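K.L.:
Can you read through this structure? Questions will come right after.
The values are calculated or read from the model by the stated rules, or taken from the named source; none is laboratory data. Just so it is clear, the structure is predicted and the values come from calculations on it, not from any experiment. Cβ placement follows ideal geometry from the backbone for every residue including glycine, while neighbour counts extend to all protein chains displayed.
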Amino acid sequence: MIMSEIKKNIETCRGEDVLAEVSALPQDPHFGSLVNEALDPLKQQAAAQEGWDGYSEVIAQHKPYTFASAIIQMKSNLLLLLRALWQFPFGSASLRSLADMWQHYIIRLSGNETYGIPSRLSSLTDLPSAPLLVADRKISGVPEAEDGMSMVHQLGNSDAANAITEIDDDNHGWVLDKAIGNIAPNCERATIRCGSITVANALNSFVSEIVTFPEMETITSGASQYNDPMPLNSKEIYADEVTASDAIFSQKSYPNLEKVSMKKVRSLNGRSFYDLQAEGLFHELRVPELRTFDTWSFLLDYSGAKDKYLNLILLEIGSDVSCNISNWNPTNALSTESNDLVIDERTTKPEGVDVSNWKNLDLFLYNFRTYIALRLATFASNGPTLTLSQAVYDAIKDESHLFVFDEGTMTIYAYLTNIKHWTVTK
């Protein structure tokens, strides 16, 4: 009698009915108890350490198969399937429990009285329909945005705007052709996925300590150095997909700038990195593929002074063509007395190397060897020309500073001229 009832009920039970019963978890205390037992995080963690999957024991606890326990068994098996296959419907790659999912939506639909955002909890009846209830709620790309707050509200209210510390643009390849102002005064990190910048001064007033352009390929904001579009208050700027740019980082004040990385740029048209008023610790510039630039102005002060970039201790540049970096004369980075750049936590240090006794010049030479000398192409004879300032030329030629290369121990100058066959001038 019991077996026939079991067979009849299982055969006539529709999967969607069971799913509805499972997803109505808070309304089923009996099943809720089973779920809590099966998915208790501490129990799962302890079980994992002992090599036990947790689920088989939970299922075993509900034998022998009476009519009631068989239904529980069926629910438990479905729960295990959902646990293994059901991802968060909003894109998370991590698998969570049903309880986690319920909690997520309960939080998102609770509203916020302070910001006048109404609750939608009364509409939350089951998990399958929950994503539709929040589909229009979240401002994409702003993790701190209150659920249900409009973009105008977010940017037009000082408390809401000040709360933004991260902006992550999730649109791709668009053209930035309108200036963006100071929309988030306390932003620490911004990712902007535009494909190009075509307007002058586009981001001068935009505030973010670290700005990354992971998809931008060109900057055509105008040939004049006064059209520099970069954010003036940033500490670090990464535009590693840019291959060509008009004048950039030119004749404007960057009081906080520390690092710039443009690892694919091949041409800088106009006076780029010219008379850059970087009052902060501008110490790292990576342009390893740069082929064409205005040598008259690159790393030069408007007055003609060649010691504008006093702390530029890491310059990654040069490959297989003649390179004129004679304006690079970082007097503090060449210091044999000071170690302020070595001990500064913001400065890139060599991994696995003891720098505790280094002066600034030691780190400068290490970086020159790593990011210029070793990168330059090797020629059989009569290679291109590397033109340096007098001070940098003297530093790499100094016999008291020898380095170990695959070909032997020698100065950087000897390595460049005798091994790579470059002409090094000053």
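K.L.:
Considering only residues that are in contact with a His (Cβ under 8 Å, 6 or more places away or on another chain) and at pLDDT below 95, look in the range 380-419 and name the one that is surrounded by the most Cβ atoms within 10 Å (Cβ to Cβ). Working first, answer last.
P.N.:
Residues of the range 380-419 in contact with a His (Cβ under 8 Å, 6 or more places away or on another chain): 380-383, 395, 411-412.
Narrowing further to those that are at pLDDT below 95: 380-383.
On the way: A380: 6, S381: 5, N382: 8, G383: 19.
Going through the qualifying residues, I end up with G383.
K.L.:
Also, quick follow-up: Quick one: would you say S326 is assigned to a loop (DSSP other than H, G, I, E, B), of a type in the set (G, A, S), within 30 Å of E217 (Cα to Cα) and not assigned by TED's automatic domain parsing to the domain that holds E241? Spell out how you get there, then give the answer.
P.N.:
On the way: assigned to a loop (DSSP other than H, G, I, E, B): yes; of a type in the set (G, A, S): yes; within 30 Å of E217 (Cα to Cα): yes; not assigned by TED's automatic domain parsing to the domain that holds E241: yes.
The answer is yes for S326.
K.L.:
Now, a different point. I'd like to verify a number: residues in the range 253-279 that are part of a loop (DSSP other than H, G, I, E, B) and either farther than 28 Å from K349 by Cβ or basic (K, R) (or both), how many? Walk me through how you get there before you give the answer.
P.N.:
Here is the first cut: in the range 253-279, the residues part of a loop (DSSP other than H, G, I, E, B) are 254-258, 262-266, 269-273, 275-276, 278-279.
Narrowing the set further to residues that are either farther than 28 Å from K349 by Cβ or basic (K, R) (or both) leaves 263-264, 266, 269-271, 275.
Residues flagged as part of a loop (DSSP other than H, G, I, E, B) and either farther than 28 Å from K349 by Cβ or basic (K, R) (or both) within the range 253-279 amount to 7.
K.L.:
Moving on to the next point. Pick out the one residue from R120, R137 that is outside the structural domain of L257 (by TED's automatic domain parsing), of a type in the set (D, E, K, R), out of contact with any Asp or Glu (no Cβ under 9 Å at 6 or more places or on another chain) and surrounded by 14 or more Cβ atoms within 10 Å (Cβ to Cβ). Working first, answer last.
P.N.:
Numbers: R137 fails: out of contact with any Asp or Glu (no Cβ under 9 Å at 6 or more places or on another chain).
Among R120, R137, only R120 is outside the structural domain of L257 (by TED's automatic domain parsing), of a type in the set (D, E, K, R), out of contact with any Asp or Glu (no Cβ under 9 Å at 6 or more places or on another chain) and surrounded by 14 or more Cβ atoms within 10 Å (Cβ to Cβ).
K.L.:
Continuing with the same structure: If we scan the range 311-322, do we find a residue that is farther than 20 Å from Q390 by Cβ and of a type in the set (D, E, K, R)?
P.N.:
From the range 311-322, those farther than 20 Å from Q390 by Cβ are 314, 316, 319-321; that's our starting set.
Subsequent filtering for residues that are of a type in the set (D, E, K, R) retains 316, 320.
Among the residues of the range 311-322, at least one is farther than 20 Å from Q390 by Cβ and of a type in the set (D, E, K, R), which makes the answer yes.
K.L.:
Assuming E337 fulfils every condition listed in (1) part of a loop (DSSP other than H, G, I, E, B); (2) closer than 25 Å to R266 by Cα; (3) not basic (K, R) apart from one, which condition is it?
P.N.:
It is condition (2) that E337 fails.
K.L.:
While we're on this one: Name, by its number, the condition in (1) closer than 27 Å to P384 by Cα; (2) without any contact (Cβ under 8 Å) to a residue 24 or more places away in the chain that does not hold for E337.
P.N.:
All conditions are met except number (1).
K.L.:
Going through I164, I237, I248 one at a time, which residue ends up being at pLDDT below 95 and under 20 Å from the mean Cα position of the chain (by Cα)? Give the steps one after another, and end with the answer.
P.N.:
Numbers: I237 fails: at pLDDT below 95; I248 fails: under 20 Å from the mean Cα position of the chain (by Cα).
Going through I164, I237, I248 in turn, just one is at pLDDT below 95 and under 20 Å from the mean Cα position of the chain (by Cα): I164.
K.L.:
Also, I was wondering about something else. In the range 243-258, how many residues are β-branched (V, I, T) and either farther than 18 Å from I180 by Cβ or surrounded by fewer than 18 Cβ atoms within 10 Å (Cβ to Cβ) (or both)? Talk me through it step by step, then tell me what you get.
P.N.:
Of all residues in the range 243-258, those β-branched (V, I, T) come to 243, 248.
Among the residues that remain, those that are also either farther than 18 Å from I180 by Cβ or surrounded by fewer than 18 Cβ atoms within 10 Å (Cβ to Cβ) (or both) are: 243.
Counting residues in the range 243-258 that are β-branched (V, I, T) and either farther than 18 Å from I180 by Cβ or surrounded by fewer than 18 Cβ atoms within 10 Å (Cβ to Cβ) (or both) gives 1.
K.L.:
Right, next: Can you tell me how many residues in the range 375-426 are in contact (Cβ under 8 Å) with a residue 60 or more places away in the chain and not in a helix (DSSP H, G or I)?
P.N.:
Summing the residues that are in contact (Cβ under 8 Å) with a residue 60 or more places away in the chain and not in a helix (DSSP H, G or I) in the range 375-426 gives 8.
K.L.:
Please specify each residue of the range 208-259 satisfying the condition of being in contact with an Asp or Glu (Cβ under 7 Å, 6 or more places away or on another chain) and of a type in the set (V, I, T).
P.N.:
Within the range 208-259, I210, I219, T220, V242, T243, I248 meet the criteria.
K.L.:
Would you pick out the residues in the range 216-231 that are modelled with pLDDT of 90 or more and surrounded by fewer than 20 Cβ atoms within 10 Å (Cβ to Cβ)?
P.N.:
Listed by number, the residues that qualify are E217, T218, T220.
K.L.:
Still on this structure: Of the conditions (1) crowded, with 20+ Cβ neighbours inside 10 Å; (2) under 21 Å from T370 (Cβ atoms); (3) of a type outside the set (G, A, S), R271 satisfies every one except a single condition; which number is it?
P.N.:
Condition (2) is where R271 drops out.
K.L.:
For residues that are among the β-branched types (V, I, T) and part of a loop (DSSP other than H, G, I, E, B), scanning just the range 289-323, find the one that is nearest to E217 (Cα to Cα).
P.N.:
As a first pass, look at the range 289-323 and keep what is among the β-branched types (V, I, T): 292, 295, 313, 317, 321.
Okay, now just the ones that are also part of a loop (DSSP other than H, G, I, E, B), so 295, 313, 317, 321.
Details: T295: 23, I313: 27, I317: 19, V321: 22 Å.
Applying the filter and picking the extreme gives I317.
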